[in-house]
1. Tabulate in residue order the Karplus-calculated ³J(HN,Hα) for segment 228-243, using 6.51 cos²θ - 1.76 cosθ + 1.60 with θ = phi - 60°, rounded to whole Hz; enter x for Gly and Pro.
2. Provide the descending list of Cα extents for segment 177-268 along its principal axes, expressed in whole angstroms.
3. Projected onto the charge dipole of segment 1-68 (+1 at Lys/Arg Cβ, -1 at Asp/Glu Cβ, origin at the Cα centre), which of Tyr46, Leu30, Gly19 gives the Cα projection farthest towards the positive end?
4. Amide H to amide H under 5 Å from His190: which residues, 5+ apart in sequence or cross-chain, H placed 1.01 Å off N in plane?
5. Among the listed pairs Lys205/Lys225; Lys106/Lys195; Lys5/Lys91; Lys49/Lys177, which are separated by more than 26 Å between their Cα atoms?
6. Treating only the Cβ of Lys, Arg, Asp and Glu as charged (+1, +1, -1, -1), what charge dipole size does the chain show about its Cα centre? Round to the nearest 20 debye.
7. Label Leu264 and Lys174 with points 7 Å out from Cα along Cα→Cβ: what is the distance between them in nm?
8. Between Tyr92 and Lys254, what length comes free when the chain is fully extended (0.36 nm per residue of separation minus the Cα-Cα distance, one decimal in nm)?
Amino acid sequence: MERTKQNAPIGVFDSGFGGLTVVKELMRQLPGEDLVYFGDTARVPYGTKSKESIIRFSVENTEVLLKQNVKMVVVACNSSASYALEVLKNKYDIPIIGVIDPGAKKATQVSRNKRIGVIATSATVNSYSYDKAIKYFDSSVKIFSQACPLFVPLVEEGWAHKRIAVDLAEEYLKGMKKSGVDALILGCTHYPLLKNVLKKVMGKKVYLVDSAKEVAGEVKNVLLKEGLSAKQGQGKYRFLISDRPQHFQIIARKFLGRPIQVELVNDR
Ligand code: DGL
């Protein structure tokens with residue numbers, strides 16, 4: 001069967017495993033879409049890298065996906081979206097969607113007291129990407145940001161449900177709790193997996209904005225608007241990575257709750 005533009009896959013990239021939280025939401029909200037995921041496991045983490053490196057990696061990751069004839073690219077990594085989204089949008093003529101704006105928009109919609117918290121990697125916090133996006137949607141909001149670099153290795157170690165996760169969150173979020181925010185953006189791919197812990201620490205009254213969930217909604221809107229939605233049927237999924245396929249397979253099972261096949265791409 002000839003592949004029409006509508007039937008082309010959606011490309012998703014991340015620095016490693018974390019973007020699977022976005023994939024999971026895309027599978028749930030858009031079950032008919034084919035997905036090609038690229039995780040740059042050879043160079044993860046991005047959250048501690050410089051702007052220049054993050055932009056270069058993001059361009060290379062997009063090229064990997066374009067070779068798969070994707071109809072759209074979702075920049076699932078918050079650190080990449082923070083620094084490289086505009087570069088990618090200017091460079092390529094297919095829709096490129098990042099995780100920052102959808103999460104920022106949702107936070108401004110749910111916050112009643114106009115005090116919004118952002119937790120993310122150091123790269124994302126230092127880029128002020130969420131601050132700029134939140135101010136774009138509502139300039140009267142007061143923003144409180146906190147980098148939580150140890151959350152990523154914690155989740156990857158599979159310790160999101162251990163006591164140490166609560167202790168770490170208590171420590172990182174001391175100031176956040178005092179700030180009186182009523183919405184907290186989970187501005188990193190891994191943080192949706194810490195939702196229960198964060199809820200416990202921040203209390204039930206604070207709305208946790210899951211940027212993975214929000215970006216999937218945005219993808220749906222853009223596909224409809226551009227006439228790019230896939231025809232009916234069950235989507236097919238491919239997972240490409242740049243290093244350690246077996247390790248990825250084990251972690252992916254945890255993220256997605258199902259086994260997957262992984263392909264190694266190391267010809268960049
Ligand atoms: N994917 C990254 C992000 O959302 C987290 C992991 C990393 O630092 O590469 O910022």
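Values quoted throughout were computed directly from the atomic coordinates according to the rules given, and no laboratory measurement underlies them. It should be emphasised that the depicted structure is a prediction, and the values quoted were computed from it without experimental measurement. Every residue, glycine as well, gets a Cβ built from its backbone with ideal geometry; the counts of neighbours run over all protein chains shown.
1. So the J values, rounded to whole Hz, are 10, 5, 5, 6, 4, x, 8, x, 10, 10, 10, 10, 10, 9, 9, 6.
2. Reported extents, whole Å, longest axis first: 49, 37, 26.
3. Tyr46
4. Answer set, sorted by chain and number: none.
5. Those over the limit are Lys205/Lys225; Lys49/Lys177.
6. The calculation lands at about 900 debye.
7. Inter-label distance under the simple model: 4.5 nm.
8. Residue separation times 0.36 nm, minus the Cα-Cα distance, leaves 55.0 nm.
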